[in-house]
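Data block below; observations after.
The values are calculated or read from the model by the stated rules, or taken from the named source; none is laboratory data. Remember, predicted model here, so these are calculated numbers, not experimental data. Here the Cβ is made from the backbone with ideal geometry for all residues, glycine too, and neighbour counts use every protein chain on show.
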Amino acid sequence: MNEKRVLITGAAGYVGQQLGELLAKQMAVVGVDIVQREAAFPIIKMDICDSALTELLRAERITHVVHLASVVAPGRDRAREYQIDVEGTRNVLDSCVAAGVKHLTLTSSGAAYGYHADNPAWLQEDDPLRGNPEFAYSDHKRLVEEMLAEYRERHPALRQLIFRPCSIIGGATKTKISALFSGKSILDPGGHNSPFVFVWDQDVIGAIEYGVVRDASGIYNLAGDGALTPQEIARLLNKPLRRPPVWLLKGLLGISYGLHLGNVRPAQVMFLQYRPVLLNTRLKQELGYVPKKTSAEAFAYFASNALGIPVDAHAARVTEADSAVPGGQPA
């Protein structure tokens, strides 16, 4: 058994449980989550904001922490989301420092760059993190990364490995991302045709495992090669592409939100208008992890397995290669 001892936050989640079971074959693993679930490693019911986390880290002699817990789905309690995402992360960091943890892996998000019309065609790790105040998830990821930068300066003994995943999809994905493609049509508000970059869920798990095993540090976009535009996705799924005016969609979302029929605010239409498109060069060349599936291959796998719509991976790759995305990254 490896000398590393790992604690995973959000361990009962889809990625957390699979990661824990993979790492448990090589080293001691314990998880924490607000829910308990049977797994191949112990999962303790605990809120990441709980001050008892420090004592748990000490008691389990934890050397490595993988922090996955966060709020992904948009809700109405912004204060609670901030408490979990930002203050919860601060508690994890303080607990790591107090307990003498050597290594922290954290999943941030490409959303930290923000959804902006003037984003570069391909975002790299040195591009500014601007987030969006209107979008809690994006804004909180930016705040968390600013906090991480402060801790790197004040506590250099705690090595940090930060991943910024793009849209994560897999064979059983049921998220707000997958919901965009499960309806009768594909939505492209205002006709921006802003491209999606995808990463296979098993590549997310594989990259984290790779980094933990090697004690790697640094900041890396976590994405498959290439990108697919809404137009290309609609063609692959054989679904119509709808391009409603932005003002109309915002109006409908405003009514829906006001009547408590949904939790998406009108301002969050930017999520579809200006997608952050992540370049994965540093992931491959500096970290040394090469995703097993490209964006197109990951999407084909997702469509065929999660949506039940057969999509040929080769056809998806061809579509991706023909993409009109400016400065397109070759697959």
- Message: Under 6 Å between Cβ atoms, which residue pairs at least 6 apart in sequence (or on different chains) link something in region 103-131 that is closer than 18 Å to residue 192 by Cα with a partner that is crowded, with 24+ Cβ neighbours inside 10 Å and among the aliphatic types (A, V, I, L, M)?
- Response: 122/277; 123/278
- Starting from residues that are at pLDDT 85 or above and either more than 26 Å from the chain's Cα centre (by Cα) or part of a loop (DSSP other than H, G, I, E, B) (or both), keep the ones in region 261-275 and report whichever is surrounded by the most Cβ atoms within 10 Å (Cβ to Cβ). 275
- Message: Quick test of your reading of the structure: residue 97 fulfils all but one of (1) farther than 24 Å from residue 27 by Cβ; (2) surrounded by fewer than 19 Cβ atoms within 10 Å (Cβ to Cβ); (3) in contact with a His (Cβ under 6 Å, 6 or more places away or on another chain). Name the failing condition by number.
- Response: (1)
- Message: Within region 257-270, does at least one residue satisfy the condition of being touching a Pro at 6+ places or on another chain (Cβ under 6 Å) and closer than 17 Å to residue 191 by Cα?
- Response: yes
- Note on the structure: Expected single match for buried (at least 18 other Cβ atoms within 10 Å of the Cβ), farther than 14 Å from residue 192 by Cβ and in contact with a Gly (Cβ under 9 Å, 6 or more places away or on another chain) among 249, 236, 253 is 253
- Query: What are the residues in region 73-106 that are under 18 Å from the mean Cα position of the chain (by Cα) and closer than 19 Å to residue 56 by Cβ, if any?
  - Reply: 84, 88, 89, 104, 105, 106
- Could you count how many residues in region 20-44 are within 16 Å of residue 3 (Cα to Cα), in contact with an Asp or Glu (Cβ under 7 Å, 6 or more places away or on another chain) and of a type outside the set (Val, Ile, Thr)? 2
- Query: For residue 292, all conditions in the list (1) surrounded by 14 or more Cβ atoms within 10 Å (Cβ to Cβ); (2) touching a helix residue (DSSP H, G or I) at 6+ places or on another chain (Cβ under 7 Å); (3) modelled with pLDDT of 95 or more hold save one; what is the number of the exception?
  - Reply: (1)
- Message: For residue 109, only one of the following conditions fails: (1) buried (at least 22 other Cβ atoms within 10 Å of the Cβ); (2) within 21 Å of residue 83 (Cβ to Cβ); (3) over 17 Å from the mean Cα position of the chain (by Cα). What is its number?
- Response: (3)
- Which fully enclosed helices (runs of 4 or more DSSP H) of region 1-114 have 1 or more residues being among the polar types (S, T, N, Q)? 14-23, 53-59, 88-99
- Filter pass, residue 21 being of a type outside the set (Lys, Arg), without any contact (Cβ under 8 Å) to a residue 40 or more places away in the chain and closer than 14 Å to residue 208 by Cα: yes
- Query: Is one or more of the residues making up region 223-233 of a type in the set (D, E, K, R) and assigned to a loop (DSSP other than H, G, I, E, B)?
  - Reply: yes
- The number of residues in region 154-185 that are surrounded by fewer than 17 Cβ atoms within 10 Å (Cβ to Cβ), of a type in the set (Lys, Arg) and within 21 Å of residue 278 (Cβ to Cβ) is 1
- Message: Regarding region 48-67, can at least one residue be identified that is under 14 Å from residue 92 (Cβ atoms), surrounded by 23 or more Cβ atoms within 10 Å (Cβ to Cβ) and either in contact with a Cys (Cβ under 6 Å, 6 or more places away or on another chain) or among the charged types (D, E, K, R) (or both)?
- Response: yes
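For (1) β-branched (Val, Ile, Thr); (2) closer than 22 Å to residue 267 by Cα; (3) surrounded by fewer than 18 Cβ atoms within 10 Å (Cβ to Cβ), each residue gets a yes or a no:
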| position | (1), (2), (3) |
| --- | --- |
| 101 | yes, no, no |
| 127 | no, no, yes |
| 138 | no, yes, no |
| 151 | no, no, no |
| 187 | no, yes, yes |
